[in-house]
Protein chains: 2
Amino acid sequence: MTVLPVLPSAAVACCSPVTAGVLDDSQAEALARMFKALGDPNRVKLLSIIAASEGQEACVCDLTEPVGLTQPTVSHHMKLLVEAGLVAREQRGRWAYFSIVPGVLDSLAGALSPR
Amino acid sequence: MTVLPVLPSAAVACCSPVTAGVLDDSQAEALARMFKALGDPNRVKLLSIIAASEGQEACVCDLTEPVGLTQPTVSHHMKLLVEAGLVAREQRGRWAYFSIVPGVLDSLAGALSPR
DNA sequence: GTGACGCATCGACGTTCGTCAATATCATTC
DNA sequence: GAATGATATTGACGAACGTCGATGCGTCAC
């Protein structure tokens, strides 16, 4: 529910192919923002854990042990992933469920190698 | 000529899909290393400039003006891209030519969205 | 060999990042 | 409403990053 619209319009601006013409500043920034979010091993791992979970969602309690980090640290990484638009956060009762924003990874992949 | 083998074997280790099972530490680190290299707007732009150049190669002198950075700074960013295995550096006479390592972007894209 | 040129390295700087312990917030249960 | 449990926020710390000016190192032309 709380996909922060950090990118003005992710579907449009996020995915100008890197290999098709020189990117302008905003395109390069939008891409770099998402790649930077993926630039930490723990965040990559967190993302894969979510993707591998049944229902493609997980709460912090499921994430804290596999990466071997403190709960606040995991919470911090998840915030970054949400702010980057890669992950969505949904509060259900006491738990916060995180899921990968549909299509984002495909869009990013498309920016790296069109079709 | 100087593709640093920062990744033990890039073609094998670099591209375990993020969405297919939990990544182990080395897989996550290998991916994060490349994504981190893409986590700066100027480096994304540099990459796109190289890709857009004829022959898919460029020297620092071609790169310094479009990004509006100093020559040492561009040189530093290029070093990071080379160390990440994304770009190859070839010295020809006085000039150093940079080109995107063939297949790397496709592999990275494959790690984000298999197929 | 002397000069000019292209690029890398070095040293420094302010900024951002990753991490934790401590604490706050919010929803549930009693 | 008090207690409990799951997350988020704060504050602090060292490490890493992005940038620049100054300098060093090959290469080419004369």
**Study point:** B:Tyr97 long-range amide H proximity, modeled H, under 5 Å
**Key:** B:Glu90, B:Gln91, B:Arg92
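Identify the trypsin sites (Lys or Arg not before Pro) of region B:42-99 meeting these criteria: DSSP loop state and at most 11 other C-beta atoms within 10 Å of the C-beta. Don't skip to the end; give the middle numbers.
On the way: sites: B:Arg43, B:Lys45, B:Lys79, B:Arg89, B:Arg92, B:Arg94; in loops: B:Arg94.
Qualifying residues, ordered by number: B:Arg94.
Run the numbers on region B:23-110 and let me know its relative contact order in percent, using alpha-carbon pairs under 8 Å that are six or more apart.
Numbers: 78 pairs, mean separation 24.8, N = 88.
Dividing the mean separation by the residue count of region B:23-110 yields 28 percent.
Going by how many other beta carbons lie within 10 Å of each one, how would you line up B:Ile50, A:Ile100, fewest first?
Working: B:Ile50 26, A:Ile100 19.
The order, fewest Cβ neighbours first, is A:Ile100, B:Ile50.
Rounded, prolate or oblate, given the Cα gyration tensor of region B:23-110, with a/c below 1.5 counting as rounded? Mind dumping the intermediate values first?
Numbers: a/c = 2.02, a/b = 1.69, b/c = 1.19.
Judged from the Cα gyration tensor, region B:23-110 comes out prolate (a/c at least 1.5, a/b above b/c).
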Review point. What list of ³J(HN,Hα) couplings, whole Hz, do you get for region A:89-94 from phi and the Karplus terms 6.51, -1.76, 1.60, once you set θ to phi - 60° and write x for glycine and proline?
Key: 10, 10, 8, 10, x, 7
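A short reminder: the numbers here are calculations on the coordinates, not readings from a lab. What you are looking at is a predicted structure, and each value in this text was computed from that prediction instead of being measured. FYI the Cβ positions are ideal-geometry reconstructions off the backbone, even for glycines, and counts take in every protein chain you see.
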